[in-house]
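Undergrad: Got a structure here, written out as structure tokens. Questions coming.
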Amino acid sequence: HVQLVESGGGLVQPGGSLRLSCAASGDTIGRYCMGWFHQIPDKEREVVAVRYPGGVGTYYSDSVKGRFTTSLDNADNILYLQMNGLEPEDTAMYYCTARGGACYTSPNEYKVWGQGTQVTVS
């Protein structure tokens, strides 16, 4: 039932910051495993962060640990990805996803996605 819409991408210089938003409707996302994934052309979609339901914590890929942070606005039903210290290697299309039940780091385990938002670091 949940629908997701990403926004907030854009062009930033190396070392800059960006905050991506994932606006959800149809269901409250606080009860879901929420994921941020990115994809580079001709490459597989890769995990960036997975936020566990119930405020348990967040998994981050090694490449973004210490630079990216997720947060959840329960009132407005929005998942954020705060990206600091951006690097050219972060350039990709970023997608938000949600899953009930168990959490995974593989994109193949998620079936509901937003349309994506482009992040370009140059």
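Undergrad: From (1) open to solvent by 60 Å² or more (accessible area, probe 1.4 Å); (2) touching a residue at least 24 places away in the same chain (Cβ under 8 Å), pick out the condition that doesn't hold for E109.
TA: For E109, the failing item is (2).
Undergrad: Considering R45, R19, R31, which residue is exposed (fewer than 15 other Cβ atoms within 10 Å of the Cβ), in contact with a helix residue (DSSP H, G or I) (Cβ under 8 Å, 6 or more places away or on another chain) and either of a type in the set (K, R) or more than 24 Å from A102 (Cβ to Cβ) (or both)?
TA: Going through R45, R19, R31 in turn, just one is exposed (fewer than 15 other Cβ atoms within 10 Å of the Cβ), in contact with a helix residue (DSSP H, G or I) (Cβ under 8 Å, 6 or more places away or on another chain) and either of a type in the set (K, R) or more than 24 Å from A102 (Cβ to Cβ) (or both): R31.
Undergrad: Looking at the range 22-34 only, could you name the residues that are in contact (Cβ under 8 Å) with a residue 40 or more places away in the chain, over 14 Å from V56 (Cβ atoms) and small (G, A, S)?
TA: A23, A24, S25
Undergrad: When the range 48-70 is examined, which residues are found to be open to solvent by 50 Å² or more (accessible area, probe 1.4 Å) and at pLDDT 95 or above?
TA: R51, Y52, Y59, D62, S63, K65, G66, T69
The values are calculated or read from the model by the stated rules, or taken from the named source; none is laboratory data. Quick caveat, the model's predicted, so the values are computed rather than measured. Because the Cβ atoms are built from the backbone with ideal geometry, glycine has one as well, and the counts that use them run over all protein chains shown. Just the protein is used for accessible areas: all its heavy atoms, side chains included, with ligands, DNA and RNA removed. Shrake-Rupley method; radii C 1.70, N 1.55, O 1.52, S 1.80 Å.
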